[in-house]
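The structure appears right after this line, and notes come after that.
The values are calculated or read from the model by the stated rules, or taken from the named source; none is laboratory data. Note that the structure is a prediction, hence the values are computed from the model and not measured. Here the Cβ is made from the backbone with ideal geometry for all residues, glycine too, and neighbour counts use every protein chain on show.
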Amino acid sequence: MTDINTYLWAVLITGVLALIFAAWKTNWINKQDQGTERMILIGKSIAEGAMAFLKAEYKILGIFVVVVALLLGITNAGRTDSSALISLSFIVGAFASGLAGCLAMKSDLMGKSISRKRPAE
């Protein structure tokens, strides 16, 4: 029978490998030619709009996360089968999810800008 520490290490190592791969791929995307000046300007405008959308969305999501975390903390406080710290886990998970969404949006926008570039004639 495998103990929980083996699974924990497997998850942590897999996570680190995924982060290394994501950093490598993002670095490759960022090194690609962006196209003409007009294409770069259009890409920057789209990216600015997308990041403004995320900022507005995350403001509302932040309020939701705080309310749900408070509810989780209150309902689990004093219980023997749970802990109020479950609310901290919820906040950390929400933050990690938001960060992943933000980074994915940035790399996606960069990749789309590169893929729209016309081949040299």
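Structure values in brief
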quantity: Out of T36, T26, T2, T14, sole residue that is farther than 28 Å from K106 by Cα and either among the polar types (S, T, N, Q) or surrounded by 10 or more Cβ atoms within 10 Å (Cβ to Cβ) (or both); calculated: T2
quantity: Candidates M110, M105, filtered to the one that is surrounded by 13 or more Cβ atoms within 10 Å (Cβ to Cβ), modelled with pLDDT under 85 and within 30 Å of Q32 (Cα to Cα); calculated: M110
quantity: G62 being assigned to a helix (DSSP H, G or I), without any contact (Cβ under 8 Å) to a residue 12 or more places away in the chain and surrounded by 13 or more Cβ atoms within 10 Å (Cβ to Cβ); calculated: yes
quantity: Leading residue by the ranking (modelled with the highest pLDDT) among those in segment 26-59 that are of a type in the set (S, T, Y) and in a helix (DSSP H, G or I); calculated: Y58
quantity: Residue count for segment 65-110, restricted to those that are of a type in the set (K, R) and either in a loop (DSSP other than H, G, I, E, B) or over 30 Å from W28 (Cβ atoms) (or both); calculated: 1
